[in-house]
Amino acid sequence: MELLTIIFAFGFINLSFSWQKYEKPIEIASPNKDGIYEFDLTISHKLTMARPLKYEKMGVLDFDVDSGDWYERDSNQLAPCNKTDVLIKKNEESMKDEILKDVIQLDGLHHRMITINGKTPGDPIVVPFGAEVVMRVKNRLNTEGITLHVHGLDKRDLWFTDGVAHVQQCPIAVGSDFTYRFIADSYGTHWYHGHLASDRAEGLLGGFVVKDPGHSVPDPSHPEKRLHIKRDYYSMLQDFGVPEGREQHYSLKEGIMKWVSGLDGERKNTCWAPTRTYDGSNVGGSIPMSSFVVGDKGWHNENDQKTKASKLPLTTYLIKEEEDILVRFVNGGVAQGIFITLEGHQMTVVAADGVEVKPVTLDGIMIFGGERYDVLIRGLKNPKQKQYRFIFETIEKIHWNWGPYEPFIGLANLEYESDKSLPEKDEIDFKHSGCTKEKKCKVLNCPFGEFAERFNFTCMSAHLLEYGGSPEHGDEVPDPEVVQKKKLKNFDERFINMHFDSHVDGYMFSKPRGIPYYHEGKMGEVSTKCDPKKCDRQKASKYDHEHCDCFINYKFKLGDIVQLVIYNMGDGGKAGTGYSHPFHMHGTHFYVMKMGYPEYYSNGTIKSMNRDLPCDDITERCLDLKWRNSTWMNGTVDGMQKNPSMRDTVMIPTGGYTVIRFRADNPGWWFAHCHLMLHHMGGTAFAFRIGNHEDLPVPPGNFPHDCGNFEDYEIPKKRMMKRF
Ligand SMILES: [Cu+2]
């Protein structure tokens, strides 16, 4: 009986431990007898760095770096105060794994996290293409409503299963269950996460991969050949903040973000200030970090990572000499762009946001919130050390006061399984000494055009990635009509300004109080209309929540080719500030046609906004711009990628723009937003509807219709009388 309960609780995910020394490659799940892939996801709070004891108590753990021992605090409330550290186990590997099996490490400190079946991140869900998937979400939190969105699936004809709170469904109430049933309709590396406020920052996230048993990737050294990868790893990356998710939001809202002291971790007594990236614009550095978390492991002490990495319980991927492994990187974090390098190895990107690209071999990759890169790593013939380190850096480079700034770092291990005895090394090449003036290192996806001359790196813009067909996908090529450079029919061209923090076109998105689908024709009852007569978009909107918070929504005609020019220019910090925004669209993949950058000074910082759009006075808000060169209108922009990659998330460079295209062929109510959590929560978001109301797939009859207001009512006379 007990065994049955356990199997039921975990659905068809393989039973696996939370804490394990080595990462396990992903495995395709098994369907039930009807061929359906079912997953039960019980969502509850759980403490990190603790293990369950009897009677629902937790044994609170600490890890001692120098001895490599794990200690447990005495859980007896009546025990003397000084008796807090009990050595639970010496460094004996097998016993340690057993004791730690239920532990969530994260940054090695004690946090209460939202967990999925007792883990965060949740176990990767891996299903074949076209699988019918059921995710039964059981909200067992005490006070919070939640939803789940699978980031990367198009949810074709199933818009109401996409999980955006208040746009597609009501939040799942405390104590309730909600079943998502859908088709795995996009190949590749994806993830699921909560889509209500800060829930994803507090642990509500996990992997989602669509791959077939015969999955293969292109062989970078033989273009005609395909590789079948044995060890296929999922790697969720997070910038784990010192303050928890909701605190980050309230601190911004309340204007207390300049924490000076009183925080956890090594930066406790340092005066923290915002930071800038290589081009002088802001980066996600508005929140002090405790640790990068890779999978479920990180470490809160940056100095320990710099000096004694081999002693730390870090995420470790195994590789053999000359073995090809795949690492599927996902930036599931809240704010930071992450610069990934790997000591002694190059990385070949074979897919972006799950879609195969022509392989590109690189020395570094920058990955932003919501993005995914599948990276092929070839084991060395003669490794010189046991562990090589993945180095994860923030892209912070300049202090707010324009002085130099050292990026925050985190690590994971690539460990050789070798017959030779290889030395362990704690000297890590944080300076990237392999990159020199003469032989600069190539980095994909900078949020700026190029590194300044003094850096030994060069940038490859994300729009230069090319679509790569693959046999298992039927070797399809990009929809030739959509990507043409010519005056197009049924072509819908929009210009959207996402420059100022938390805004879209001068408004701030506020969610409706009812589900739009059920309020067709009377949205005014449950939402605030965006009205340029009420909201002074040119000036006041930044702080005018009364008039500028509204339900921003765009309508696209079913079947049209849509081109969005999302630009990031104008006042709101002027040149040299502003944010590069990772822009994510639900319901459709899009082609990345072009990225335009600003002009830079020779020191790399922004000199002036890109000139393709007429934002010449940076004290202006530069709303409602169109191409300076009118011959670029209606589909003929110069410099577009001919064989563009297909993404669902893309960076909008500060001072520049990104052109994307898609065919509006998936009718539904959808959502698009900046994937920086604070920008999303602040209002850099819009809803959009593809098709007319009548074109939309109708949700099942018992789909919860509304989460709207309960209006006042009159107490019937009779009942009032009874009181006397
Ligand atoms: Cu943003």
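The values are calculated or read from the model by the stated rules, or taken from the named source; none is laboratory data. No experiment lies behind these values; they were computed from the predicted model shown. Cβ: placed from backbone, ideal geometry, glycine included. Neighbour counts: every protein chain shown. Keep in mind that these areas ignore ligands, DNA and RNA; they rest on the heavy atoms of the full protein, side chains included. Shrake-Rupley method; radii C 1.70, N 1.55, O 1.52, S 1.80 Å.
The sole residue among LYS555, LYS534, LYS607, LYS529 that is of a type in the set (Lys, Arg) and within 28 Å of the chain's Cα centre (by Cα) is LYS555. Checking GLU224, GLU254, GLU266, GLU247 one by one, the residue that is surrounded by fewer than 18 Cβ atoms within 10 Å (Cβ to Cβ), at pLDDT below 90 and under 20 Å from LYS46 (Cβ atoms) is GLU247 and no other. Answer yes or no as to whether VAL698 is at pLDDT 95 or above, assigned to a loop (DSSP other than H, G, I, E, B) and out of contact with any Asp or Glu (no Cβ under 8 Å at 6 or more places or on another chain). Here the answer is yes, as VAL698 does meet what is asked.
Going through (1) among the hydroxyl-bearing types (Ser, Thr, Tyr); (2) open to solvent by 10 Å² or more (accessible area, probe 1.4 Å); (3) touching a residue at least 12 places away in the same chain (Cβ under 8 Å) one by one, TYR567 falls short only on (2). Residues considered: ARG372, ARG378. Of these, the only one that is open to solvent by less than 20 Å² (accessible area, probe 1.4 Å) and in contact with an Asp or Glu (Cβ under 6 Å, 6 or more places away or on another chain) is ARG372. For region 318-331, check the following and say yes or no: at least one residue is touching a His at 6+ places or on another chain (Cβ under 7 Å) and open to solvent by less than 10 Å² (accessible area, probe 1.4 Å). No; the residues of region 318-331 include none that is touching a His at 6+ places or on another chain (Cβ under 7 Å) and open to solvent by less than 10 Å² (accessible area, probe 1.4 Å).
Checking PHE39, PHE63 one by one, the residue that is at pLDDT 90 or above, out of contact with any Lys or Arg (no Cβ under 9 Å at 6 or more places or on another chain) and part of a strand (DSSP E or B) is PHE63 and no other.
Inside region 525-566, can you point out the residues that are closer than 30 Å to MET640 by Cα and of a type in the set (Gly, Ala, Ser)? If the condition is that a residue be closer than 30 Å to MET640 by Cα and of a type in the set (Gly, Ala, Ser), then GLY559 is the only one that fits. In summary, strands (runs of 3 or more DSSP E) completely within region 432-541 and bearing 1 or more residues that are within 28 Å of GLU599 (Cα to Cα), within 16 Å of the ligand (Cβ to nearest atom) and among the aliphatic types (A, V, I, L, M) occur at 491-497.
Picking from residues in region 635-659 that are over 21 Å from the mean Cα position of the chain (by Cα) and open to solvent by 10 Å² or more (accessible area, probe 1.4 Å), the one that is nearest to LEU464 (Cα to Cα) is GLN641. Within the set VAL260, VAL294, the sole residue that is within 30 Å of ASP501 (Cα to Cα) and at pLDDT 95 or above turns out to be VAL294. If you go through region 120-163 and keep only what is among the aliphatic types (A, V, I, L, M) and either buried (at least 24 other Cβ atoms within 10 Å of the Cβ) or not in a loop (DSSP other than H, G, I, E, B) (or both), you end up with ILE125, VAL126, VAL127, VAL133, VAL134, MET135, VAL137, ILE146, LEU148, VAL150, LEU153. Which of (1) open to solvent by less than 30 Å² (accessible area, probe 1.4 Å); (2) at pLDDT 95 or above; (3) not in a strand (DSSP E or B) is the odd one out, the single condition VAL562 does not satisfy? Unmet condition: (3). Among residues of region 665-678 that are open to solvent by 10 Å² or more (accessible area, probe 1.4 Å), those with a Cβ under 9 angstrom from a residue that is away from the ligand (no atom under 16 Å from the Cβ) and hydroxyl-bearing (Ser, Thr, Tyr), sequence gap 6+ or separate chain, pair up as ASP665/THR588. Would you say LYS607 is open to solvent by 10 Å² or more (accessible area, probe 1.4 Å), touching an Asp or Glu at 6+ places or on another chain (Cβ under 7 Å) and assigned by TED's automatic domain parsing to the domain that holds VAL504? Yes: the conditions hold for LYS607.
Filtering region 696-706 to residues that are within 24 Å of SER510 (Cβ to Cβ) and either within 16 Å of the ligand (Cβ to nearest atom) or more than 30 Å from the chain's Cα centre (by Cα) (or both) leaves nothing. Just so you know, in region 679-695 the residues that are open to solvent by 10 Å² or more (accessible area, probe 1.4 Å) and more than 26 Å from LEU613 (Cβ to Cβ) include one that is nearest to the ligand (Cβ to nearest atom), and it is MET681. Scan region 404-434 for residues that are open to solvent by 20 Å² or more (accessible area, probe 1.4 Å) and either more than 28 Å from the chain's Cα centre (by Cα) or acidic (Asp, Glu) (or both) and the total you get is 15. Restricting GLY655, GLY578, GLY596 to residues that are within 16 Å of the ligand (Cβ to nearest atom), more than 29 Å from ALA197 (Cβ to Cβ) and either among the hydroxyl-bearing types (Ser, Thr, Tyr) or outside the structural domain of GLY403 (by TED's automatic domain parsing) (or both) narrows the list to GLY655. Are any of the residues in region 593-604 over 27 Å from TRP402 (Cα atoms) and either surrounded by 21 or more Cβ atoms within 10 Å (Cβ to Cβ) or within 29 Å of the chain's Cα centre (by Cα) (or both)? Within region 593-604, one or more residues are over 27 Å from TRP402 (Cα atoms) and either surrounded by 21 or more Cβ atoms within 10 Å (Cβ to Cβ) or within 29 Å of the chain's Cα centre (by Cα) (or both).
THR577 falls short of the stated requirement of being at pLDDT 95 or above and touching a strand residue (DSSP E or B) at 6+ places or on another chain (Cβ under 7 Å).
A single entry from PRO171, PRO213 fulfils the requirement of being in contact with a Cys (Cβ under 9 Å, 6 or more places away or on another chain), in contact (Cβ under 8 Å) with a residue 40 or more places away in the chain and open to solvent by 30 Å² or more (accessible area, probe 1.4 Å): PRO171. Screening TYR554 against (1) in a strand (DSSP E or B); (2) within 16 Å of the ligand (Cβ to nearest atom); (3) surrounded by fewer than 20 Cβ atoms within 10 Å (Cβ to Cβ) leaves a single unmet condition, (2).
Which ranges mark the strands (runs of 3 or more DSSP E) fully within region 316-370 that have 1 or more residues being out of contact with any Gly (no Cβ under 9 Å at 6 or more places or on another chain)? Show your work before the answer.
Values: elements: 316-319, 324-331, 338-342, 347-352, 355-362, 364-367.
Per the criteria, 316-319, 324-331, 347-352, 355-362, 364-367.
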